[in-house]
Amino acid sequence: MLLDSIRTQLDSLSKSERKVALAVLEHPTQTVNQNITALAKSAQVSEPTVVRFCRTLGYDGWHEFKLKLAQGLALALPGLNEQPHQDDLAADLVNKICSRSINTLLDLRNNLNPEQIQKALDILSKANKIEFYGQGTSGIVAADAQHKFFRSGTPTVAYADPHIHSIAA
């Protein structure tokens, strides 16, 4: 979901763009219902800063960002932004976890670029060998990818040691 993307990018935003991000995260529904001037005012920034924020996230401007935010909120299942609490019942935890997973998959589907996926598939299908590199817990992900790609018939290998990364690359 767009809100998750904003949370992920918070640390990489400029100080004023972060103000916009926090205003959007705090009141996403209100953001959809207001204009750029109102958002700028509530974030205590200028309108051009709001536009820069939208572009930093990969949108052409305010209108495209607002549309994607509205779509994300409309598709979101209840419980998306609810944090698990210690006193939650098992049914509440299941609903929260499943809602977050479903919304993540919907967001992935809605934001994937099929042309880029096809380009990657074309490159991988011509490869003589596919190498995966990971370190720490990412080493486990690299090994999993190797296992999955192994079935493609193309020789695959996964490296989890940073020293081997340098040698193999």
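Select the helices (runs of 4 or more DSSP H) contained entirely in segment 1-40, then report the ones holding at least 1 residues which are farther than 26 Å from residue 101 by Cα and assigned by the TED database to the domain that holds residue 61.
Numbers: elements: 2-9, 15-26, 28-33.
So the answer is 15-26, 28-33.
Considering segment 137-162, and only residues there that are within 26 Å of the chain's Cα centre (by Cα) and polar (S, T, N, Q), the residue that is most open to solvent (accessible area, probe 1.4 Å) turns out to be 137. Going by the conditions given, is residue 37 in contact (Cβ under 8 Å) with a residue 24 or more places away in the chain and of a type in the set (S, T, N, Q)? When the stated conditions are applied, residue 37 does not pass them.
The values are calculated or read from the model by the stated rules, or taken from the named source; none is laboratory data. What you are looking at is a predicted structure, and each value in this text was computed from that prediction instead of being measured. Virtual Cβ from ideal backbone geometry, glycine too; neighbours counted across all protein chains shown. Accessible surface is based on the protein model in full, side chains and every heavy atom, while ligands, DNA and RNA are left aside. Shrake-Rupley method; radii C 1.70, N 1.55, O 1.52, S 1.80 Å.
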